[in-house]
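Asks: Sharing a structure, written as structure tokens. Questions coming.
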Amino acid sequence: MTKNKGQQINVRFNQYTIQKIEKLIQQGKFPNKSELIRTAVQRLITEQELQTKHQNKQNK
């Protein structure tokens, strides 16, 4: 079984967002920036998928 390798991407955030990210890490809510950003993106994708399913049900 092969391990799924992720693709590396670079993102830019404004200073306010970076401060919020660092605060969440200092509070121990996430172990590092990568985990925080990965979790946030996964949540956004899940929310979008749920909204799309909900909209599709309403349109039927």
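The values are calculated or read from the model by the stated rules, or taken from the named source; none is laboratory data. Predicted model only: the values in this text are computed from it and were never measured. Here the Cβ positions follow ideal geometry from the backbone for every residue, glycine too, while neighbour counts run over all protein chains shown. Only protein heavy atoms, including side chains, enter the accessible area calculation; ligands, DNA and RNA are left aside. Shrake-Rupley method; radii C 1.70, N 1.55, O 1.52, S 1.80 Å.
Asks: Just to be sure before I move on: is residue 22 within 13 Å of the chain's Cα centre (by Cα), outside any loop (DSSP other than H, G, I, E, B), charged (D, E, K, R) and surrounded by 10 or more Cβ atoms within 10 Å (Cβ to Cβ) in the structure I sent?
Replies: no
Asks: Pairs please, first residue from the range 9-20 and under 14 Å from residue 36 (Cα atoms), second anywhere and open to solvent by 90 Å² or more (accessible area, probe 1.4 Å), Cβ atoms under 7 Å, 6+ apart in sequence or on different chains.
Replies: Matching pairs, first to second residue: none at all.
Asks: Assess whether residue 12 counts as being assigned to a loop (DSSP other than H, G, I, E, B), open to solvent by 100 Å² or more (accessible area, probe 1.4 Å), out of contact with any Ser or Thr (no Cβ under 8 Å at 6 or more places or on another chain) and at pLDDT 90 or above.
Replies: Spelling it out, residue 12 is indeed assigned to a loop (DSSP other than H, G, I, E, B), open to solvent by 100 Å² or more (accessible area, probe 1.4 Å), out of contact with any Ser or Thr (no Cβ under 8 Å at 6 or more places or on another chain) and at pLDDT 90 or above.
Asks: Please enumerate the residues belonging to the range 25-48 that are assigned to a helix (DSSP H, G or I) and either more than 21 Å from residue 6 (Cα to Cα) or open to solvent by less than 60 Å² (accessible area, probe 1.4 Å) (or both).
Replies: Result: 25, 26, 36, 37, 39, 40, 47, 48.
Asks: Tell me, yes or no, whether the range 22-35 has at least one residue that is among the β-branched types (Val, Ile, Thr) and touching a helix residue (DSSP H, G or I) at 6+ places or on another chain (Cβ under 7 Å).
Replies: Yes - at least one qualifying residue is present in the range 22-35.
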